[in-house]
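These notes are about the structure you will find just below.
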Amino acid sequence: MDNQELEGLKKWFTEYCRSFYSEDPADQRNIVLKEEHTANVCSNMDEIAGSLGLSPEDRALAAAVALFHDVGRFPQYQRYRTFRDSISTNHAALGAKVLIGNNVLKASSDRDRNIVVRSVALHNVFSLPERLDEETRLFTRMVRDADKLDIWSIFIDYYAAPEEERAGAAALGLPDTPAYSPNVLASLLARKWWTSLCSPR
């Protein structure tokens, strides 16, 4: 993928986001949250791609994966008013459908198109399929890391902000209480977080 193609994809994404803008302040906050999250994930992805010494073409491809990783969040929120996949729809699978249905990657090579669509579809799974080809595995692992790096900031900013300024869908229905979840503590003590982080993705 070259930079000219990437710029065209960025333009499409910007226009796509704007099509979901709302005059309702609460809805608008949630849409802008995901638009800003995407920008942050793109920045994280660029740093990761640079650290791995990828070619300019693959860095542009990595940027496209990051750009579209949450493209399904916009119709998800419009339809269900939530970002909780468990009570609505799988936003990653929906994102892949958005890309295919709108023929967004029509100018891309078959290789690039497949990597972007599959990486978007798989970026939220608990573990990656064992038989996933190595190229797709690389780009999917990259975007999973770039995504999670920003999600921590989203939650920190959410709970630090006054309630009236929060993007309500960001909390995923979790209560804002000072207590710790026994299940989370048990997982930490059992070092399950470490197993998850170190397992192949």
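Among the listed residues 34, 11, identify the single one that is basic (Lys, Arg) and closer than 17 Å to residue 143 by Cβ.
So the residue among 34, 11 that is basic (Lys, Arg) and closer than 17 Å to residue 143 by Cβ is 34.
Matching residues to (1) part of a helix (DSSP H, G or I); (2) within 18 Å of residue 93 (Cα to Cα):
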| position | (1), (2) |
| --- | --- |
| 111 | yes, no |
| 115 | yes, yes |
| 126 | no, yes |
| 131 | no, no |
| 145 | yes, no |
| 149 | yes, no |
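Would it be correct to say that residue 61 is surrounded by 19 or more Cβ atoms within 10 Å (Cβ to Cβ) and closer than 21 Å to residue 147 by Cα?
In short, yes.
With hydroxyl-bearing (Ser, Thr, Tyr) and either crowded, with 19+ Cβ neighbours inside 10 Å or over 23 Å from residue 148 (Cα atoms) (or both) as the only criterion, which of 119, 51 stands out?
It is 119.
Do we have any residue at all in the range 186-198 that's more than 22 Å from the chain's Cα centre (by Cα), surrounded by 12 or more Cβ atoms within 10 Å (Cβ to Cβ), among the small types (Gly, Ala, Ser) and at pLDDT below 95?
Taking every residue of the range 186-198 in turn, at least one turns out to be more than 22 Å from the chain's Cα centre (by Cα), surrounded by 12 or more Cβ atoms within 10 Å (Cβ to Cβ), among the small types (Gly, Ala, Ser) and at pLDDT below 95.
With (1) modelled with pLDDT of 95 or more; (2) touching a Phe, Trp or Tyr at 6+ places or on another chain (Cβ under 8 Å) as the list, and residue 34 as the residue in question, which single condition is left unmet?
That leaves (1) as the condition not met.
Residues in the range 64-83 that are more than 12 Å from the chain's Cα centre (by Cα) and free of Cβ contacts under 8 Å to residues at least 60 places away in the same chain: how many?
Number satisfying all stated conditions: 5.
The values are calculated or read from the model by the stated rules, or taken from the named source; none is laboratory data. Being a predicted model, the structure only gives us computed values, none of them experimental. We place every Cβ from the backbone using ideal geometry, glycine too, and count neighbours over all the protein chains shown.
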